[in-house]
1. How far is the Cα center of the range 86-104 from the Cα center of the range 237-284, in Å?
2. Which whole-angstrom value gives the distance between the alpha carbon centres of the range 403-469 and the range 114-191?
3. Multiply the residue separation of residue 348 and residue 377 by 0.36 nm, subtract the distance between their alpha-carbon atoms, and state the gained length in nm to one decimal.
4. Which residues does a label at residue 77 reach in the range 139-156, if reach means a backbone N under 16 Å from a point 7 Å past the Cα toward the Cβ?
5. Work out how much length residue 185 to residue 326 would gain on full extension: take 0.36 nm times their residue separation and subtract the Cα-Cα distance, in nm to one decimal.
6. Which of the peptides 450-456, 471-477, 606-612 is most tightly packed, and how do the rest follow, judged by the mean count of other Cβ atoms within 10 Å per residue?
7. Mind running the shape call on the range 372-442? Use the C-alpha gyration tensor, a ≥ b ≥ c as the square roots of the eigenvalues: rounded below 1.5 for a/c, prolate if a/b tops b/c, oblate otherwise.
8. Apply 1/(1 + (r/R0)^6) to the Cβ-Cβ distance of residue 268 and residue 669, taking R0 = 45 Å, and write down the FRET efficiency to the nearest 0.05.
């Protein structure tokens, strides 16, 4: 943490008052999931947000608070008025965001005070992750923690001087009064502190970019994993603490790592984690789709919101895990999740919505939980099997006599217990699930965040295509290609991209996440379809991303273009979503290998070198970087298949456990660099290469596997 020095005593007292008053509440900030906002047909108030498309902003459009959207015009107006900014950031499925709204932002007295003394700005953090990043950093510097709702006070220039998360009504009003008093009577002190805090944010921003790039050390991934093992929960999977978040990039790295390093301890941990997540209440056992995270160490009780980005990455993870372990239950997880995505999240355009709320009718999880008597009535003679299978009134018992449907045992164990075959068990469970889904459909559904984000949809394209590789389910491929084509047709524009789409309208200039995940999706589409247009689109987007975001002096990509923000940030730390810089490293590596482009390969290697020490010290926050490290520090292959039977051979290879390869194919002559001078009439050849150095062409899948498994 950056420590601010020489803060004036008055401001120290100001900060102390706030901390004493509200410190106990800050710990609640990160437990974010969200209720459905019920709007009355008649509204006493309507503010500027009524013209926005974000569901989160629209939920606040009838608050008595005079909210404004984040844009250049409003920021300029705030400067003219000279009022301090109150920047409130959240998202539509954030539980505590809505708690604070119901308690404070609809309160006429509090709203009146906010309107008189502040220029109030509402931000959807999913629409403007660049804004969120700056003020979340400020909150972390000031309080040591962060979360949503994020409430930040700033000078009219945008420089922050205080930030926190959820506040109850009395504490919120007292804070407003304290801030207003300090702004009126100690402006110079606030400005001094705001300048220092802004400098602190800038120092955090340059902490990585100022690192020299080290030569890559092949022992770093081993050191990272060995140190990381102390934090693993080998009984229940995941990290040894609650809450538990699925962290797909962590486990994907470990899958890749174990491809190179034979480590039974890591493999056992991976299997435990994958199985426990698949059995837990964090997965909607009857309808499919993973919730955001589990509040306990057992993956039992989730915060029930479902986010598109989690499920996109978990599809990818479970598909790759199936390639390694051939556990049929992973295919069940994949198919269920895709069924849910298609049923509840698919837009008529071919894109997918952002999220489902946790709450319905004001209660968290109400849509998903069951009382045992209710299950007996619905299922009749099928209840005894369902009760054992889903741990009803056992491990699944939650609050107020409700059960979260979850599992403790494998299908094989349950089938033996009831004296039936695995297939018979699956048929019975499918019928039970169908009955429960029919009944659940009569309940009030959770609220839907119906915006479609370019980056999250691109992530889903990759997850769907990875799922297709192991299921060969043509519907999975169709959903992916339709989504990818829609992104290309609707979200790409001359020399740029759009960030979000809703109801036929694309808005907000694309940030690095749009480019990074879209490049990845186009490459994945190219690998599966053999369509060179996806490759050329990836090439184009990479060149645009370098032009718009890459800083050669820093050796990193900025997250946003030059705009109204006080600081231009770079996203470096892998979180639930991998850092955009680590995604770009993987894109540079793949396109560099496919093109034989040493400039791209050198850029990628130097970027990894900047964070190499961090990979060893903090692997959970650099796991996608660690995956890229393996590309350069361990054997990695380009497999190029050319000829009439190329699609069949490539698809067969893509279904194998080849995490240390990229596989591209063409059935006809192509001028793309990886296919140049390789097409021969009447032949299909497989070229196994490393950084462009290729073995003699071979003909079969088995020969290929022997070369890459040496």
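What follows is calculated from the coordinates using simple rules that are stated; it is not laboratory data. In this text, all values refer to a predicted model and were calculated from it rather than measured experimentally. Counting neighbours? That spans all protein chains shown, and the Cβs are built from the backbone with ideal geometry, glycine included.
1. The distance from the Cα centre of the range 86-104 to that of the range 237-284 comes to 32 Å.
2. About 41 Å separates the Cα centre of the range 403-469 from the one of the range 114-191.
3. Stretched out fully, the residue 348 to residue 377 stretch lengthens by 6.8 nm.
4. Only 156 fall inside the zone, counting backbone N under 16 Å.
5. Roughly 44.0 nm would be gained on extension.
6. Output ranking for 450-456, 471-477, 606-612: 450-456, 606-612, 471-477.
7. Oblate shape, in that a/c is at least 1.5 and b/c is the bigger or equal ratio.
8. E between residue 268 and residue 669, to the nearest 0.05, is 0.40.
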